[in-house]
Amino acid sequence: MDFQADRLMPLRMLVNETMFWETEWRQWESSSPKTGPLELTPVVPVVFHTGLTRWISNRTLSELIRGPEELRQLAPQWPIRFWDLADRTSEELLATSSPWLNVLAVVRATREESDRFRSVFAAAVERLAG
């Protein structure tokens, strides 16, 4: 079973990051004496999508804004990086030196014919054994 992409993901990402920064802000405000100006930790929003079909839902906050395009253009720009498993082949994933991506090659092959799946599974196990 393949899960549907979360259409609210852009909003969820923005809320999570702003809550993280709010915590830093509160800690800075309560520190005494102040060690300097407030400096927020950089946050790079990344969605790691491991579904077997491409992410076809919202990728920007403006897609969630109701109203005319002129108002939607005023939505905060919060670029999210999407890493989509469906954009990679099992071969590409097996060719990496990353054990995690080698395992994802098996996930990617779950809809392949059984012989092909066994081949990908065996190759991933061989790489992980090392």
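Bear in mind that the values in this text are calculations on the coordinates, not laboratory data. Here the structure is a predicted model, which means the values were calculated and not measured. Please note: Cβ atoms are built from the backbone with ideal geometry, for glycine as well, and neighbour counts cover all protein chains shown.
Structure summary
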item	result
Angle in degrees between helix 114-129 and the longest Cα principal axis of the chain, rounded to the nearest 10	70
About the Cα centre, charge dipole magnitude for the chain (Lys/Arg +1, Asp/Glu -1 at Cβ), debye	120
Amide N proximity, the stretch 90-105 versus ALA129 label position 7 Å along Cα-to-Cβ, cut-off under 16 Å	103
12 Å beta-carbon shell around ALA122, net charge (K/R +1, D/E -1)	+1
Cα-projected label distance for THR53 with GLU24, points at 7 Å along beta-carbon direction, nm	3.8
Gained length - GLU17 relative to GLU70, 0.36 nm times residue gap less alpha-carbon distance	16.5 nm
Rel. contact order, % - alpha carbon contacts under 8 angstrom, at least six apart, the chain	22
Inter-label distance, nm, simple model (7 Å from Cα along the C-beta direction), ASP84/PHE117	2.4
Loop-resident sites, the stretch 1-41, for GluC sites (Glu not before Pro), counting at most 16 other Cβ within 10 Å (DSSP)	GLU39
Label assignment, log10 I(q)/I(0) by the Debye sum over Cα atoms at q = 0.09 Å⁻¹ derived from the structure, set [x] -0.34; [y] -0.45; [z] -0.28	[y]
Ranking of TRP100, TRP28, TRP55 by count of other Cβ atoms within 10 Å, fewest first	TRP100, TRP28, TRP55
Under-5 Å amide H pairs with PHE82, H placed in peptide plane, nonlocal only	VAL47
